[in-house]
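Computed from the coordinates by the stated procedures, all read-outs in this text should not be read as laboratory data. This one's a predicted model, so the numbers in the text were calculated from it and none came from an experiment. Here the Cβ positions follow ideal geometry from the backbone for every residue, glycine too, while neighbour counts run over all protein chains shown.
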Number of protein chains: 2
Amino acid sequence: MSLDHILLALLAKPASGYDLKKEFDQGARHYWAAELAQIYPTLKKLETRGLLTSNPAGSDKGPPRRVYTRTKAGRSELLGWLKQGPLMGKQRLPYLAQLEHLYEADDLDATYNFVVQLRQHFATFGRFLSDVQLGDPEDMNDAQFHELITLQYGITACQARVAWCDESLDQIDNRRKRKETP
Amino acid sequence: MSLDHILLALLAKPASGYDLKKEFDQGARHYWAAELAQIYPTLKKLETRGLLTSNPAGSDKGPPRRVYTRTKAGRSELLGWLKQGPLMGKQRLPYLAQLEHLYEADDLDATYNFVVQLRQHFATFGRFLSDVQLGDPEDMNDAQFHELITLQYGITACQARVAWCDESLDQIDNRRKRKETP
DNA sequence: TAGTACATGTAAACAGTTACATGATTAT
DNA sequence: ATAATCATGTAACTGTTTACATGTACTA
């Protein structure tokens, strides 16, 4: 599973389940997301496998925290995962499934509006990612440099999708006009 | 769930589970994939919900087929799904998780090779999608037109990823050279 | 006093994968 | 003979989501 290894990777520094959830939500993790209900049991499982250790820690407000630390075994498990080469997984893009079959609605205006909404979504998310400023590659350590190129993936992906939306809107509009005056 | 609705959409014309699996594998379905072990029970479930009907049909070779047909209720369920607007789902890109944490291996050559492998993958898949020739938009019916713009998404996404790989390889190489001669 | 952020967890349901079982037909 | 393709299905497992349960401390 990937979540196991992502948690192992995120635990380069000790953290609690709650901390890790925030890391997923902070958008730098545009490539994966996880709920607390999945994170807590996964951390426990990793601890029983000896890849993490945990100790309770006080908290300023609210209940006590449980902070997890990666073990040597955890680190070598992580390195093994990294050495496998790129894991491609499966793409799941429900909006493309919808778009491909939107001809069933028999309404090009509906298709046009659908793509307008998609464009809006990609543009907003692209702006969100671009706002994460990481500075000049020359001043970075290796961790920051790897974060930078990963973030650039997200930004260029959004730009390419917006461009595809614009191109598609043109094509839909042309088709619409051809239907009006046949 | 999306698979329910994708199967409903694919059943614009009657087909068997086996036929539908081939449609997923034919790459035009670059946005979703499913195994037979998931397709067969899902079709049964859709039939008990009254969204599909099935009848057995002979086969030239091998055991008899079971061909599913969409009902009126099935079509309106589909239209309801399409009318919801774009469903964004969650991105799961394990290779980006690996790349962001590949600094742990402390080896820029490993990072470089990783991106070379990614580039190879995206380029190959992009060529595979480009080979699906659909012809001129003006001669198409609405179904083919929607298939075209969906396919163009896949092609431009691959091109953008290859461009990102090339840009990243440059940046990694620059960093490598800076480390050699500090 | 109501809501939000902190903080951890469990239970049940749903989604998806891997492995297995069966058996016919066609090509090598 | 052996493998590939056709064709359908089940069982066990793994992964993910939604809903629930608990309780503190601070802010509006």
Item to check | In segment A:6-113, trypsin sites (Lys or Arg not before Pro) in a DSSP loop with at most 10 other beta-carbon atoms within 10 Å | outcome: A:LYS61, A:LYS90
Next on the checklist: How charged is the neighbourhood of A:TYR112? Take every other residue with its Cβ under 10 Å from the Cβ of A:TYR112, and add Lys/Arg as +1 and Asp/Glu as -1.
Outcome noted: -1
Item to check | Shortest-first nm distances, B:GLN133 label point to equivalent points in other copies (7 Å, Cα→Cβ) | outcome: 5.1
Checklist entry - Hey, how many Å between the Cα centroid of segment B:165-181 and the Cα centroid of segment A:1-77? => result 32
Next on the checklist: Could you tell me how many cubic angstrom of Cα convex hull volume chain A has per residue?
Outcome noted: 178
Checklist entry - How would you rank A:TYR40, B:TYR103, B:TYR153, going from fewest to most other Cβ atoms within 10 Å of each one's own Cβ? => result A:TYR40, B:TYR103, B:TYR153
Next on the checklist: Using 25 Å as the Cα-Cα cut-off, could you pick out the over-long pairs in A:LYS22/B:LYS177; A:LYS21/B:LYS21; A:LYS22/B:LYS90; A:LYS83/B:LYS21?
Outcome noted: A:LYS22/B:LYS177; A:LYS21/B:LYS21; A:LYS83/B:LYS21
Item to check | Paramagnetic reach from B:MET1 (point 7 Å along Cα→Cβ, amide N under 17 Å) across segment B:70-108 | outcome: B:74, B:77-78, B:81, B:89-90
Checklist entry - So for the pair A:TYR40, B:GLU35, with labels modelled 7 Å out along Cα→Cβ, what separation do we get in nm? => result 3.0
Item to check | Estimated FRET transfer efficiency (A:LYS72, A:THR124; beta-carbon r; R0 41 Å; 0.05) | outcome: 0.45
Checklist outcome for this item: Per-residue Cβ contact counts at 10 Å, fewest first, order A:SER59, A:SER16 as A:SER59, A:SER16
Item to check | Shortest-first nm distances, B:ASP173 label point to equivalent points in other copies (7 Å, Cα→Cβ) | outcome: 4.0
Checklist entry - Distances from B:PRO41 to the same residue in each other copy, label points 7 Å out along Cα→Cβ, in nm, shortest first? => result 1.7
Checklist entry - Roughly how crowded by other chains is peptide A:110-121, in terms of the mean Cβ count from those chains within 10 Å of each of its Cβ atoms? => result 2
Checklist entry - Net charge near A:LYS21, counting Lys/Arg +1 and Asp/Glu -1 over other residues with Cβ under 12 Å of its Cβ? => result -2
Checklist entry - Summing Lys, Arg as +1 and Asp, Glu as -1, what charge do residues with Cβ under 13 Å from the Cβ of A:PHE128 carry, A:PHE128 excluded? => result 0
Checklist entry - Taking the axis that carries chain A onto chain B, what is the nearest Cβ in chain A, and at how many Å, to the whole number? => result A:ALA160, 2
Item to check | Which of B:ASP4, B:ASP107 has the fewest Cβ neighbours within 10 Å, and the rest in rising order | outcome: B:ASP107, B:ASP4
Item to check | Averaged over A:172-180, number of beta-carbon atoms from partner chains that fall within 10 Å | outcome: 2
Item to check | Whole-angstrom Cα spans of segment B:49-153 along principal axes, big to small | outcome: 59, 40, 37
